[in-house]
Amino acid sequence: MKILVTGGAGFIGSAFIRLTMDAHPEFSVVNLDKLTYAGNLENLKTIEGNPRYRFVRADVCDAAAVDAAFVEHRPDAVVHFAAESHVDRSILSPEPVVSTNFMGSFQILEAAKRHRIGRYVHVSTDEVYGSIPEPLDADESYPLIASSPYSSSKAGSDLLALSYAKTFGFPVMVTRASNNYGPYQFPEKLIPLMISNALEDQALPIYGDGMQVRDWLYVDDHCRAIHAVLAKGEPGEVYNVGGSRALANLEVVHRILKITGKPESLMKTVKDRPGHDRRYAITSEKLEKTTGWRAEMDFELGLQSTIEWYVQNRDWVARVKSGSYRDYYERNYTQR
Ligand code: NAD
Ligand code: TYD
């Protein structure tokens with residue numbers, strides 16, 4: 001089976017492709033990615049040259065380029081990750097976020113429907129539910145009360161994907177995962193930013209009182225969940241994917257400082273994020289019952305090994321921060 005993966009050069013997409021190459025010899029992958037600031041082909045260095053892997057540089061908003069990829073590669077399934085994924089960027093500059101997350105999702109859905117794709121996973125986020133009051137854990141029927149341009153563009157594209165199931169009988173499933181962490185995450189999200197700043201003895205910016213709660217999911221657990229939904233999900237259904245590890249941001253940052261051996265004086269309270277959601281919490285019961293999936297990574301072990309990865313890969317962090325990782329694409333893909 002051939003899967004067209006969009007956004008496969010990013011954090012979760014690249015983990016999904018590495019996992020697929022390692023653990024699923026029955027699949028080949030076509031990775032369609034625009035290579036924005038967050039897309040880095042170095043993340044896929046270990047599988048380069050694998051005959052089951054191909055890369056196509058294209059924008060998901062470009063209908064002609066997307067169609068050409070479907071015509072040339074004839075995928076059987078689609079896993080759609082490509083997105084502008086950062087809330088703070090979506091506040092500073094919503095246009096590319098709305099365009100990629102909504103219109104890009106539309107173009108991929110349209111092409112997939114036209115080419116009669118048999119299985120489609122639309123990868124989304126628990127942020128579409130907005131802030132969840134204690135002591136609730138949102139299930140898939142919880143209302144969509146998204147707060148930021150990022151989460152509302154994701155909520156819009158979730159509804160669009162589900163409309164393709166309802167209206168056209170198109171076999172799309174939606175997954176809504178909680179906050180992911182792990183290796184190769186761009187150092188703009190909480191965990192990789194705090195790790196890389198701590199390693200460089202730079203200030204760790206804490207938004208507001210730092211008591212906002214996020215549920216943490218190890219990236220490989222998320223990727224296994226997507227494979228489970230691809231194999232066993234019901235068309236038109238939504239599946240939450242949580243890590244069952246809800247922690248306040250301050251708690252996460254304290255742990256990072258402890259593991260890296262850095263002082264708490266590095267923490268600096270800064271102005272809160274506008275529209276900041278206080279608490280995310282979901283239940284993954286439906287996914288567990290349908291597919292047998294469970295989150296396996298213990299948070300303490302996952303955090304420890306993520307920190308070790310960032311310690312070992314300080315040059316990767318320096319390259320993605322400076323943008324010089326783009327040379328890798330130029331060297332390896334444009335001069336053949
Ligand atoms: P990321 O920012 O690390 O990667 C996004 C990838 O998409 C990059 O490779 C980028 O080049 C590509 N891309 C962006 N715009 C594109 C476009 N117009 N055309 C083609 N490619 C484009 O994101 P991530 O953290 O890996 O998230 C992947 C998906 O998972 C997103 O849909 C996101 O909403 C969802 N998600 C993320 C999290 C999380 O904690 N990171 C949690 C739940 C769901
Ligand atoms: P983030 O990683 O941006 O994910 P999301 O907003 O999508 O949940 O942020 C996680 C939490 O950490 C969120 O409550 C905002 C907070 N945060 C900080 O306090 N400081 C930071 O520098 C960042 C990036 C996030």
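Numbers below:
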{"quantity": "Shape of the range 257-336, Cα gyration tensor, a/c cut at 1.5", "calculated": "oblate"}
{"quantity": "T334 accessible area, 1.4 Å probe, all protein chains in place, Å² to nearest 10", "calculated": "70 Å²"}
{"quantity": "Helix-only [θ]222 nm of the chain, DSSP H runs n ≥ 4, -39500 (n - 2.57) each, per residue, nearest 500", "calculated": "-12500 deg cm²/dmol"}
{"quantity": "H24 paired with S265, simple spin-label distance in nm, labels 7 Å along Cα-to-beta-carbon", "calculated": "5.0 nm"}
{"quantity": "Gain in span if fully extended, H276 to E300, counting 0.36 nm per residue against the direct Cα distance", "calculated": "6.1 nm"}
{"quantity": "Nearest-10 value in Å² for the accessible area of S85, using the 1.4 Å probe", "calculated": "40 Å²"}
{"quantity": "Carbon plus sulfur fraction of accessible area for the chain, probe 1.4 Å, in percent", "calculated": "52 percent"}
{"quantity": "Contact order normalised by residue count of the chain, Cα under 8 Å, 6+ apart, percent", "calculated": "17 percent"}
{"quantity": "Spatial separation of Cα centroids for the range 255-280 and the range 121-177, in angstrom", "calculated": "27 Å"}
{"quantity": "Mean Cα-pair separation over length for the range 78-215, i.e. relative contact order, pairs under 8 Å, 6 or more apart, %", "calculated": "26 percent"}
{"quantity": "In Å, descending, principal axis extents of the Cα set of the chain", "calculated": "56, 49, 37"}
{"quantity": "Protein-only accessible surface order, largest first, of R114, R314 at 1.4 Å", "calculated": "R114, R314"}
{"quantity": "Lys, Arg +1 and Asp, Glu -1 on Cβ, resulting dipole of the range 1-83 about Cα centre, debye, nearest 20", "calculated": "120 debye"}
{"quantity": "Accessible surface, the chain, averaged per residue in Å² (probe 1.4 Å)", "calculated": "42 Å²"}
{"quantity": "Per-residue SASA entry for T167, accessible area with 1.4 Å probe, Å² rounded to 10", "calculated": "100 Å²"}
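The values are calculated or read from the model by the stated rules, or taken from the named source; none is laboratory data. As the structure is a computational prediction, the values presented were derived from the model and not from experiment. FYI the Cβ positions are ideal-geometry reconstructions off the backbone, even for glycines, and counts take in every protein chain you see. Ligands, DNA and RNA are stripped out before the accessible areas are found, and what is left, the full protein with its side chains, is counted by its heavy atoms. Shrake-Rupley method; radii C 1.70, N 1.55, O 1.52, S 1.80 Å.
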